[in-house]
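The values are calculated or read from the model by the stated rules, or taken from the named source; none is laboratory data. Since the model is a prediction, treat every value here as computed from it, not as a measurement. Counting neighbours? That spans all protein chains shown, and the Cβs are built from the backbone with ideal geometry, glycine included. Ligands, DNA and RNA are stripped out before the accessible areas are found, and what is left, the full protein with its side chains, is counted by its heavy atoms. Shrake-Rupley method; radii C 1.70, N 1.55, O 1.52, S 1.80 Å.
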Amino acid sequence: MRAARAISLLLLLQARRSLTGAELAAELEVSERTVQRDVLALAEAGVPVYADRGRAGGYRLLDGYRTRLTGLDRAEAEVLLLAGLPGPLGDMGLDGPALAARLKVLTEVGEAPSAGARRFHLDAPGWFRTAPVPPLLAEVSRAVWGERLLRIRYPRRDTEVERTLRPYGLVLKAGTWYLVAGPGRSGVPLVYRVDRLVTAEPLDQPFERDGQFDLAAFWEAKAEEFARSLLRESVLVRLSPLGAERLPLLLEPVAARQALATAGEPDGDGWVTVRLGVESADVAYDELLRLGPEAELLEPPALRQRLAEAAARTAALYGAADRNGGAPPNEKRPGEARNGGDPPSDDRPGADRNGGDVQR
């Protein structure tokens, strides 16, 4: 451990020229006393490191001294620095190796490439949610990196199941960690949510990894298969040009792609009719409300009625506010018509007036 820390100290000094004892201690997460001992050990090993006294002092290497530990050119170093993903690496217990690799890159090309990390950042979780680190992630990660069998226990129905797996890889999807492991049915790996594991124990027994297994390709296919499996029902929808444009942004991408692929020819106003796969009527209700007036549900009739009622309630709220000069709906002014809050009738051509039948 001390040797690895001394190398990290050497790489820090080579990359940044001069650092105080306090700065080195903070970088290496040790005490300043430990830094002093490591500096002495480097000097005894023949590394020309010395200390400058005074306010601008600190530890530094003799000018011209350089140790080459990589063979990267500047472009390669830039890519590696951008691929650091410090948050996820720390969650997996790999922050130490990540720091060492980063220092080696900076050693080769100087501090300048770190500017790339100030321009690009990966924020894995989705909006409006936190992503707590699964308590067993570090144990699972050790088994994945060490290619060791992993014994897990996980809940299934009203009991817990124990399995010994070959951990092929970890996937971070929208802030959630998944373990891809075998054996599975017909030799196809299975997927486990790491935060749902009850126990995870890396074993001393290694396993032989399938050299043909492609984690990224497997996950892409599995994710699309899962998304398709959720689309158990379908609805018929008319979309305005803006609605068709927003569909992939507001709905499940797989469902949006399938729907737009089935779109018919646009009508005179540019609207298209699509068959949209949905998880359920309740989910479709929420999703179509997000599209507002840019989408018209044609069928099923029951869901169309729910959306019509929601639109009427919305229109009543805004209509009452406008009539009252922005006052709440229940604060009516003298002489104002009291019709129970029903919106005014709409006799314009094409309005829906026959219990949900579409007039076109």
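Observations on the structure shown:
- Per-region count, region 232-244, residues open to solvent by 40 Å² or more (accessible area, probe 1.4 Å) and within 14 Å of Glu279 (Cβ to Cβ): 3
- The set of residues in region 7-20 that are in contact with a strand residue (DSSP E or B) (Cβ under 7 Å, 6 or more places away or on another chain) and either touching a residue at least 60 places away in the same chain (Cβ under 8 Å) or crowded, with 16+ Cβ neighbours inside 10 Å (or both) comprises Leu12, Leu13, Gln14, Leu19, Thr20.
- Residue in region 232-240 that is of a type in the set (S, T, N, Q), outside any strand (DSSP E or B) and at pLDDT 90 or above present: yes
- Identity of the residue in region 211-227, out of contact with any strand residue (DSSP E or B) (no Cβ under 8 Å at 6 or more places or on another chain) and of a type in the set (D, E, K, R), that ends up modelled with the lowest pLDDT: Glu224
- If the condition is being of a type in the set (Ser, Thr, Tyr), open to solvent by 20 Å² or more (accessible area, probe 1.4 Å), within 25 Å of the chain's Cα centre (by Cα) and modelled with pLDDT under 90, then region 144-195 contributes only Tyr178.
- Filtered by the rule that a residue be surrounded by 14 or more Cβ atoms within 10 Å (Cβ to Cβ) and of a type in the set (A, V, I, L, M), region 245-275 gives Leu247, Leu250, Leu251, Val254, Ala255, Ala256, Ala259, Leu260, Ala263, Val272, Val274.
- Residues located in region 256-281, provided they are assigned to a strand (DSSP E or B), in contact (Cβ under 8 Å) with a residue 40 or more places away in the chain and not charged (D, E, K, R): Leu276, Gly277, Val278
- Taken together, Glu299, Glu294 contain a single residue that is crowded, with 19+ Cβ neighbours inside 10 Å and over 19 Å from Arg228 (Cβ atoms), which is Glu294.
- Within region 203-255, being free of Cβ contacts under 8 Å to residues at least 40 places away in the same chain and aliphatic (A, V, I, L, M) holds for Ala216, Ala217, Ala221, Ala227, Ala244, Leu249, Leu251, Val254, Ala255.
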